[in-house]
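Comments concern the structure below.
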Amino acid sequence: MSVHPEVIRLLIFLVGIIAFAALNAAYLVWLERKEAGHIQRRIGPKEVGPFGLLQPLADGIKLMTKQLIVPAGVDPVLFRIAPILVMIPAIMGFVTIPFSETLVARNLDIGLLAVFAFASVNVLGLLMGAWGSRNKYAVISAARVVSQNVAYEIPMLVTVVSLVMVSHTMNLTKIVGQQLGGFWHWNIFNFAASPLMPVAFLIFFVCMLAETNRAPFDMAEAESELIAGAFTEYPGMGFGVFFMAEYANIVIGCSMATILFLGGWDCPFGLYPGVHWFLLKMYFLIFTVIWIRWTYPRTTFYGLLNLSWKILIPISFVNLLLTSAMLKVF
Amino acid sequence: MSAFAQTQLKETFVINLGPQHPATHGVLRVKLVMDGEYIVEAEPVLGYIHRMHEKMGENRTWAQFMPNTGRMDYLHALAYNHGYVTVVERAAGIEVPERAEYIRVITAELNRISSHLLWFGAFVLDLGGFTPLLYAFDDREQILDLLESVTGSRLTYSYFRFGGVYNDIDENFVPGALAFIKRLRERLPMYHALVTKNVILRTRLEDIGFITPEMCRKYGATGPVARGSGINFDVRKHEPYSVYPEFNFDIPVYPKGDSMARYMVRMDEIEQSMRIVEQAIAKLPDGPVMAPKAPKILKPAKGDYYHAVETARGSFGIRVVSDGTNTPYRLKLRSPTFSNLSLFGEACQGMLLPDALALMGSLDLVIPEIDR
Amino acid sequence: MIGYLKEIFSGTWSLFVGLGITIKYFFKPVVTVQYPREVLPMTPRFRGHIELTRDPETGGDKCIVCGMCQKACPSNCITVVGDKVEGAKKKALSRYILDFTKCSLCGLCVESCPADAITFSKDYNLAGPSREAYIFDLKKRLEERKG
Amino acid sequence: MNASAIKQAMAALPAQAVAENDHAKRGNHLDVTVAPDQVVAAVTILDGNGFFIEAITGVDWLGEKAARKKEAAAKAAAAAKAAAEAAKAAGQEPPPPPPAAPAEPEGSQVDDLEVIYDFNHYETLCRVTVRTRVPRDNPAVPTISEVYAGANWHERETHDFFGINFVGHPYLVPLLLPEDADFHPLLKDYKP
């Protein structure tokens, strides 16, 4: 019996993606703690391993050895299934992300759509977990998360639509392919398509923060208001999986920003393009995400909706109109 | 109306904020009746760290009660020490040397700055920003180091005595205090750029959490809460005690009454306290720090005496009833946050949960002082 | 409309200013002390638990067993026991019990001592497995310090 | 708003004592003692004049009447003794002993609980203390929480500590003490 080589390739990629997602989740926690520490003029983790590099391992072991309590009165099915439902779409998103010209698990023609579709499932898992855990704080958090995601999906997708209009494709590899050859070709500086492109990048970035529930939009967790929001009742690794999914989502969001706006694996000076440039850009964006978290206070829920409906959505529509007008004219 | 119809009127639920909650700074519990995320009714439930200081006072000598005062408001302990020693000095007719009063004012004002700095950090932490807390701690640490070198303790100083202070300041204190003021003057613009001007913080605080002057009056709110509602009331100016009349300082008053006004009052007070410390250090007289005739065993004359001081949170009053023996007959401790918190239930009605928490943070609660 | 745009611009600007501040501190050296590995010296006036001072002449304690500290203590955590010594006028200290579980480190005892027999120790790293570990006999501690 | 103006306003209330105090010595300007049923009227006057409430508290005067009686008796005895000695010294017959019991108007022999209301003014320096006394066996004072909303908590606290019943209080449950507390720790005869 022979196995199709494509299947083997896909399997290898899947394992690689899961490892990548898990490693990222673990080491982004380390990065976050280190970065927060230095921003606050302290060291951060330092005891476990050199520079605290083994800290994620220790944390993981700690989380895994904890008892998985299912509190009385919860909906056991929803409660158990929710972390998985949050984690799987996060991993699925990686399938079609091109890290370089060849390093892509499955180059879908509708890759862009697939990533955003998977990203939206994430909120469903949060909602189920929050509702299932029979906690008032969690329910408040779930209500917030859902309307937050609805509100931020719109400006995000509208900006992406304007990009698709410029690129004429939803294939991520092709979108990057059009931006190759130096930073002046990148979409963020594509003033010929729309003079508002840097603003569009900002909008995308802000929406990405909101979609991944990162500070200052961490309405779901909001520890000073809702204790831990949707995760309040989750013990041990149940919480750990939510945590990993959050970081996996950040990686996806930053990858998408890199692909759509920053030319993916392209070198800014047109030399040696490759996966290293992709990772460099992506990790810089992640660094920024963490940097933002440790700088700002949290917005309120209505402040967040105001921002979306009153500022981001109008501007993204202006950008869309401008792009279509420019495309028509030139 | 039938019982069934009544329950259908509004679908509310009760949420217990605390006693263990990240935003209640200690063990305060607030019973909230919520309609969605809107607060219909809020009832603070107190007493989780009630220690009955007033009864303790009746069981100890006048001097032995001294350490208790610093343990009520552990963030501005010296003001509480100050209030207590002043009222006992008033009752017993003890004259305090001028140098001692100056030292009291200097240390109490430094302590006020440290209290406001901690409040600043904790308040921004309530709003979800973690980093300013650590920056504020960095500055506060300098004050604690200074006070530790003088008083020997970092939080519960018990530094003042009837008739003076425990021991004189050391030679490093004055240069240290001046260096700290210079440092904080450089840091304050950073705080304002990082936090005060931040658009997220402004949208969270401006026009939210109104407290009207009438409400302040009915509930007896004092301190930054009253001053944030446009009431120019500060015991240091209103009913001057110690050597405060010697100094030239302003009382920051913001008339708007929202959370931002209270925030700005405290931030401005840091600057005013630094001015007081500078002037006091410049004028610091020589002389003894302890009244030579201060009696070892106090027996104040019969009667009752009242004295109030301005702490970082408002007017702290002590009513002392003496029966002429060496223990107080009755000690009433009027803590400012008790009154300030009592208006929370009315002020937060109809607010959203995060705004109510911002309002609660802007009241600057220190729970041991409320519960006493 | 202009006001709206202006608000957006100034708001966004304030956000970038904040980012600028935090990144500036990111590259500054840390200010924390890595506590168990580095230890700061205590100030001379630091008020730890109390300790008997040594009499430089006799090498023993200076306590005259007057009981002033016992009376001054607000929490009743000091018990002074003295024995009559044959031939001597004064009582000699036999046990000085400090119940540190009740002590609030106020320092009234040190202040009340007429013989300067007690002082504050600089010991703040106190940890123990049981409540009884904090009922100190200061006399014994003084003798142990000798060695 | 100065102390004498308040004093005049207070004079309209029946049966009360108003004392102006030396602020530097006592810490307040005006001490108003009223009957329990006049508390609300007195507080309403203060409210109308823009005072804010500082605190409400109590004092337990357990043993005060006995001490006073003893003191009066001692005084009378001393006076009688002095008179007798003076008479003896003058070589006269000792005068007849005075009537045995002091002719004090006998009120209730139950000691009092004093309720103290502290008021202060935001604009002018004027501290007013309102006092009232109620017997220990039936301590009941009308509530002022209708006038000052902030009195609600202060009265609850005073109820906790002294067991004083504030008649008409909307929610007189323990505030600082545990919710099932049935003891009043600041009473002088309280034994834990």
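Which residue is farthest from the chain's Cα centre (by Cα), if the candidates are limited to the range C:32-65 and must be in a strand (DSSP E or B) and not hydrophobic (A, V, I, L, M, F, W, C)? Ranking the candidates gives C:Asp61 first. In the list A:Thr299, A:Thr295, which residue meets the criterion of being crowded, with 23+ Cβ neighbours inside 10 Å, over 17 Å from A:Cys207 (Cα atoms) and touching a helix residue (DSSP H, G or I) at 6+ places or on another chain (Cβ under 8 Å)? Going through A:Thr299, A:Thr295 in turn, just one is crowded, with 23+ Cβ neighbours inside 10 Å, over 17 Å from A:Cys207 (Cα atoms) and touching a helix residue (DSSP H, G or I) at 6+ places or on another chain (Cβ under 8 Å): A:Thr295. Among the candidates B:Ala312, B:Ala291, B:Ala301, the residue that is more than 9 Å from chain D (Cβ to nearest Cβ), buried (at least 17 other Cβ atoms within 10 Å of the Cβ) and over 23 Å from D:Phe119 (Cα atoms) is uniquely B:Ala291. Here's a check for you: in the range A:33-73, which residue that is surrounded by 14 or more Cβ atoms within 10 Å (Cβ to Cβ) and of a type in the set (Asp, Glu) is nearest to the other protein chains (Cβ to nearest Cβ)? So, considering only residues that are surrounded by 14 or more Cβ atoms within 10 Å (Cβ to Cβ) and of a type in the set (Asp, Glu), the one nearest to the other protein chains (Cβ to nearest Cβ) is A:Glu35. Which one of the conditions (1) in contact with a Lys or Arg (Cβ under 9 Å, 6 or more places away or on another chain); (2) touching a residue at least 60 places away in the same chain (Cβ under 8 Å); (3) not β-branched (Val, Ile, Thr) does B:Gly324 fail to meet, given that it meets all the rest? So the condition that B:Gly324 fails would be (2). Of all residue pairs spaced 6 or more apart or on separate chains, none has beta-carbon atoms under 9 Å together with a first member in the range A:82-94 that is without any contact (Cβ under 8 Å) to a residue 12 or more places away in the chain and a second member that is surrounded by fewer than 19 Cβ atoms within 10 Å (Cβ to Cβ) and hydroxyl-bearing (Ser, Thr, Tyr).
Could you list all residues from the range C:25-81 that are away from every other protein chain (no Cβ under 14 Å), surrounded by 17 or more Cβ atoms within 10 Å (Cβ to Cβ) and over 21 Å from C:Tyr124 (Cα atoms)? Passing the criteria: C:Asp61, C:Lys62, C:Cys63, C:Ile64, C:Val65, C:Val80.
Filtering the range C:7-19 to residues that are of a type outside the set (S, T, N, Q) and either at pLDDT 85 or above or surrounded by 12 or more Cβ atoms within 10 Å (Cβ to Cβ) (or both) leaves C:Glu7, C:Ile8, C:Gly11, C:Trp13, C:Leu15, C:Phe16, C:Val17, C:Gly18, C:Leu19. Here B:Ala282 clears all of (1) without any contact (Cβ under 8 Å) to a residue 40 or more places away in the chain; (2) buried (at least 17 other Cβ atoms within 10 Å of the Cβ); (3) away from every other protein chain (no Cβ under 11 Å) except the condition numbered (2). Based on what the data block shows, is B:His192 in a helix (DSSP H, G or I) and farther than 18 Å from C:Leu19 by Cα? For B:His192, the condition - in a helix (DSSP H, G or I) and farther than 18 Å from C:Leu19 by Cα - is not met. Is it true that B:Leu343 is within 17 Å of the chain's Cα centre (by Cα) and touching a residue at least 24 places away in the same chain (Cβ under 8 Å)? When the stated conditions are applied, B:Leu343 passes them. Residues that are hydroxyl-bearing (Ser, Thr, Tyr) and surrounded by 15 or more Cβ atoms within 10 Å (Cβ to Cβ) within the range D:40-78 comprise just one, D:Thr57. From the list A:Thr288, A:Thr295, the lone residue that is within 14 Å of chain B (Cβ to nearest Cβ) and over 30 Å from A:Ile81 (Cβ atoms) is A:Thr295.
Note on the range D:44-72: residues that are in a helix (DSSP H, G or I) and over 23 Å from D:Thr143 (Cα atoms) amount to 9. Among the residues of the range D:1-18, those identified as hydrophobic (A, V, I, L, M, F, W, C) and surrounded by fewer than 14 Cβ atoms within 10 Å (Cβ to Cβ) are D:Ala5, D:Ala11, D:Ala12, D:Ala15, D:Ala17. When C:Ala92 is tested against the conditions (1) modelled with pLDDT of 80 or more; (2) not in a loop (DSSP other than H, G, I, E, B), the lone failure is (1). A:Thr173 satisfies every condition listed in (1) buried (at least 19 other Cβ atoms within 10 Å of the Cβ); (2) assigned to a loop (DSSP other than H, G, I, E, B); (3) touching a Pro at 6+ places or on another chain (Cβ under 7 Å) except (2). Considering only the range D:22-39, I want to know if a residue exists there that is at pLDDT below 75 and surrounded by 15 or more Cβ atoms within 10 Å (Cβ to Cβ). Yes, the conditions are met somewhere in the range D:22-39.
Yes or no, residue by residue, for (1) touching a strand residue (DSSP E or B) at 6+ places or on another chain (Cβ under 7 Å); (2) closer than 16 Å to A:Thr173 by Cα; (3) not in a helix (DSSP H, G or I):
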| position | (1), (2), (3) |
| --- | --- |
| A:Met256 | no, yes, no |
| A:Ile259 | no, yes, no |
| A:Leu271 | no, no, yes |
| A:Phe278 | no, yes, no |
| A:Leu285 | no, no, no |
| A:Pro297 | no, no, yes |
| A:Ile313 | no, no, no |
| A:Leu322 | no, no, no |
| A:Lys328 | no, no, no |
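Out of all the residues in the range A:118-128, is one or more in contact with a Leu (Cβ under 6 Å, 6 or more places away or on another chain) and either under 19 Å from A:Glu246 (Cβ atoms) or not in a loop (DSSP other than H, G, I, E, B) (or both)? Checked the range A:118-128: at least one residue is in contact with a Leu (Cβ under 6 Å, 6 or more places away or on another chain) and either under 19 Å from A:Glu246 (Cβ atoms) or not in a loop (DSSP other than H, G, I, E, B) (or both). The set of residues in the range A:231-281 that are buried (at least 24 other Cβ atoms within 10 Å of the Cβ) and in contact with a Lys or Arg (Cβ under 7 Å, 6 or more places away or on another chain) comprises A:Ile250, A:Thr258, A:Leu262. Only one of (1) under 18 Å from A:Glu246 (Cα atoms); (2) surrounded by fewer than 17 Cβ atoms within 10 Å (Cβ to Cβ) fails for A:Leu180. Which number is that? Checking A:Leu180 against (1) under 18 Å from A:Glu246 (Cα atoms); (2) surrounded by fewer than 17 Cβ atoms within 10 Å (Cβ to Cβ), the one that fails is (1). What about D:Pro192, is it surrounded by fewer than 20 Cβ atoms within 10 Å (Cβ to Cβ), in contact with a Pro (Cβ under 8 Å, 6 or more places away or on another chain), assigned to a loop (DSSP other than H, G, I, E, B) and of a type outside the set (Phe, Trp, Tyr)? So D:Pro192 fits the description; yes.
B:Asp138 meets all of the listed conditions (1) within 14 Å of chain A (Cβ to nearest Cβ); (2) without any contact (Cβ under 8 Å) to a residue 12 or more places away in the chain; (3) within 18 Å of the chain's Cα centre (by Cα) but one, namely (3).
Just one residue in the set B:Asn232, B:Asn248 is facing another protein chain (nearest Cβ under 8 Å), in a loop (DSSP other than H, G, I, E, B) and surrounded by fewer than 18 Cβ atoms within 10 Å (Cβ to Cβ); that residue is B:Asn232. Regarding C:Thr22, is this residue assigned to a loop (DSSP other than H, G, I, E, B), within 14 Å of chain B (Cβ to nearest Cβ) and at pLDDT 85 or above? In short, no.
The values are calculated or read from the model by the stated rules, or taken from the named source; none is laboratory data. Because the structure is a prediction, the values reported are computed rather than measured. For neighbour counting, all protein chains shown are included, and Cβ atoms are generated from backbone atoms with ideal geometry for every residue, glycine included.
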